Amino acid sequence: MKRILTVLVAMTILWSCSKDEENLKVEEQLVDVQQTTEIIPKEKIDEFIINSLKKNNEFNWSEVNDVMLWSALVHADSILTVGYTASGQANINERMTSINVQDPEWIKSRDEVFDETASVLSRKYNKSVEVDDLPSFTHEVLPFVEMKASDLEVINRLRSLENVRYIEPLGYEVDFQTYGSGERYSDSGCSNSPDFGLASDNYSTISPNAKMSWNYPGMGIDQAWNYSTGQGITVGLIDTGLSPDQIKLGNEFNSGSSANRTVERFGFHATGMWWWKAIDGPDDQCGHGTAMAGVIAAPRSTSGSSVGVAYNANLIGVRGTGDVVVNSGNEKTGVSDALIYLGNRNDVKIISMSIGDVFHNSKVADAIRYAHGKGKLIFAAAGTSTSFTNWFGVIFPATMNETVAVTGVKEGQYVRCDVCHSGDKVDFTVVMEKAGTNAHPLSLAMSGSDPSTVGGSSVATATAAGIAALVWSKNPGWNRDQVLNKLKQSADFYPNRNSSFGYGNLNALTAVQ
């Protein structure tokens with residue numbers, strides 16, 4: 001996840017014993033604010049969130065009081081995401097795929113959310129407010145609704161309802177620039193220019209004239225091609241889209257030694273306000289998605305371009321985000337819709353997500369569980385940041401049990417790459433930083449045959465997804481759990497787990513034999 005979370009550099013500055021006293025002062029101020037029901041300043045909310053991340057390695061809106069949640073809502077776009085459940089239902093996280101939100105008991109719970117909101121507003125403003133008056137959105141598959149609401153009384157009431165699972169502000173974003181970063185958070189990961197004059201020891205030229213990245217042999221990928229090239233397996237990539245100018249993901253997807261496969265493009269990312277937004281298409285405007293697609297399935301071509309791990313696999317590139325950080329409301333919606341779409345495609349076996357955020361988002365989590373329930377093997381990046389901030393552990397959604405978390409390590413040693421995250425949630429590692437030079441693996445640029453390079457846990461995740469495609473292609477009758485178990489058995493530490501690197505480096509040759 002190239003440069004994701006680089007904007008968190010100021011967190012390390014805040015990391016000190018003296019900060020405990022400041023945290024106590026902030027909490028006392030929040031108590032005072034709750035008693036007066038004044039809006040909490042955004043700086044105080046941001047500070048609370050960052051301190052929670054430092055202390056617990058995660059943040060969930062369920063841990064804040066009503067006043068802070070309401071204040072965050074007001075500071076954002078005033079759009080509430082409300083997850084609901086039917087009366088008497090239990091363990092719905094494990095049953096997300098089997099839920100039919102059109103069943104009467106689910107409709108009843110959903111309608112209760114709207115009815116109670118309208119009732120609260122009617123009493124507050126002393127006039128009749130009908131449900132139809134509420135700007136709202138009802139998801140057709142997942143059990144959540146979204147509505148325009150900016151009243152503390154609505155928060156109070158909805159949080160008290162037995163059938164409400166969660167309430168979250170859709171569009172709230174932490175202003176990390178306040179904490180010393182000069183970089184724009186929303187630009188993270190957007191860089192993919194060709195590396196002209198690439199050092200010759202960073203690749204090997206293989207038939208029919210493709211460049212194989214330096215890290216493939218060490219993981220047995222080139223040897224695994226004697227057994228499997230990914231034929232017949234479809235990988236869904238949720239990222240920033242595919243570049244329309246990269247013909248290796250277009251007319252030359254079938255070229256050289258790559259044949260009889262398909263590449264598709266879809267877009268679920270939208271621009272504009274919640275009620276006036278429009279899908280902005282499948283085209284990559286960032287470079288990250290194109291690079292990840294190249295790592296997974298670039299053709300073994302005749303033109304000197306980089307070859308993907310599973311160079312005969314099918315690919316579906318879905319634009320769900322504008323960059324690698326899933327932080328805006330439109331990105332959360334785009335990713336969740338992409339997960340549902342790929343989850344419902346019977347031909348999709350693997351989903352690769354080299355994207356994420358430090359925040360847990362319940363709507364995206366619902367969609368992850370939905371796709372997982374459909375039998376998809378979901379890989380997610382453990383996180384990438386500068387060396388000054390990668391004390392932070394694994395990011396969301398790689399923190400979820402339904403995903404396979406991947407990070408990158410240096411060649412020949414179990415040391416995470418200079419910008420990679422690690423932690424007990426990591427499942428696998430991939431070698432992606434060359435010893436001595438710190439060179440990164442090859443991939444496709446936005447256009448042309450000259451390779452680009454890409455680093456971080458992003459490329460590690462895409463590589464793992466490609467290896468999984470090799471395994472599944474070799475064993476087409478297997479299910480997700482069988483493929484995942486084979487990957488575990490191929491890794492260095494199996495049957496044990498390392499506290500920072502999971503089962504360790506994957507070995508594609510071992511996995512396909």
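In segment 219-512, what % of DSSP beta bridges are antiparallel (nearest 5)? Roughly 25 percent of the beta bridges in segment 219-512 run antiparallel, per DSSP.
Relative to the longest principal axis of the Cα atoms of the chain, helix 104-125 runs at roughly 50 degrees. I need to check one value: relative contact order of the chain, counting alpha carbon pairs closer than 8 Å and at least 6 residues apart, in percent. After rounding, I find 18 percent.
Computed across segment 399-458, the Kirkwood hydrodynamic radius from all distinct Cα-Cα pairs reaches 12.5 Å.
So how do 234-241, 117-124 stack up, highest first, on mean other-Cβ count within 10 Å?
Highest to lowest by the protection proxy: 234-241, 117-124.
Taking each pair of distinct Cα atoms in segment 219-512 once, what is the resulting Kirkwood hydrodynamic radius in Å? After inverting the mean inverse Cα-Cα distance, the result is 18.4 Å. Of the peptides 309-319, 478-488, 463-473, 332-342, the order by per-residue mean of other Cβ atoms within 10 Å, starting with the highest, comes out as 463-473, 309-319, 332-342, 478-488.
When Rg and the Kirkwood Rh are both derived from Cα coordinates, the Rg/Rh ratio for segment 277-357 amounts to 0.99.
Computed over the Cα atoms, what is the radius of gyration of segment 329-430 divided by 2.2 N^0.38 Å, N being its residue count? Walk me through the numbers before you get to the answer.
Numbers: Rg = 14.0 Å, N = 102, 2.2 N^0.38 = 12.8 Å.
In units of the globular-protein estimate, segment 329-430 measures up at 1.10.
The ranking of Asp132, Asp492 by Cβ neighbour count inside 10 Å, starting from the fewest, reads Asp132, Asp492. Based on DSSP H segments of at least four residues, each scored -39500 (n - 2.57), the chain has a per-residue ellipticity at 222 nm of -9500 deg cm²/dmol. For segment 219-512, the relative contact order is 22 percent, taking Cα pairs closer than 8 Å that sit 6 or more residues apart in sequence and dividing their mean separation by the residue count. Cβ-Cβ distance of Gln89 and Arg123, R₀ of 30 Å, FRET efficiency by 1/(1 + (r/R0)^6): the value works out to about 0.55.
Label segment 325-384 by shape, choosing from rounded, prolate and oblate, from the square roots a ≥ b ≥ c of the eigenvalues of the Cα gyration tensor; if a/c is under 1.5 it is rounded, and otherwise prolate applies when a/b is larger than b/c, oblate when it is not.
In terms of gyration-tensor shape, prolate.
Taking GluC sites (Glu not before Pro) in DSSP loop conformation with at most 15 other Cβ atoms inside 10 Å as exposed sites, the chain has its longest uninterrupted site-free stretch at 184-513.
Note on segment 98-143: Kirkwood hydrodynamic radius from all Cα pairs is 11.6 Å, rounded to one decimal. Reported to the nearest whole Å, the Cα centre-to-centre distance from segment 424-454 to segment 109-173 is 45. Largest first, the extents of the alpha carbon coordinates of the chain on the three principal axes equal 76, 54, 43 Å.
Read the figures in this text as sums done on the coordinates, not as results from a lab. Please read all numbers here as calculations on a predicted model, not as lab measurements. In this analysis, Cβ positions are derived from the backbone assuming ideal geometry, glycine residues included, and neighbour counts consider all displayed protein chains.
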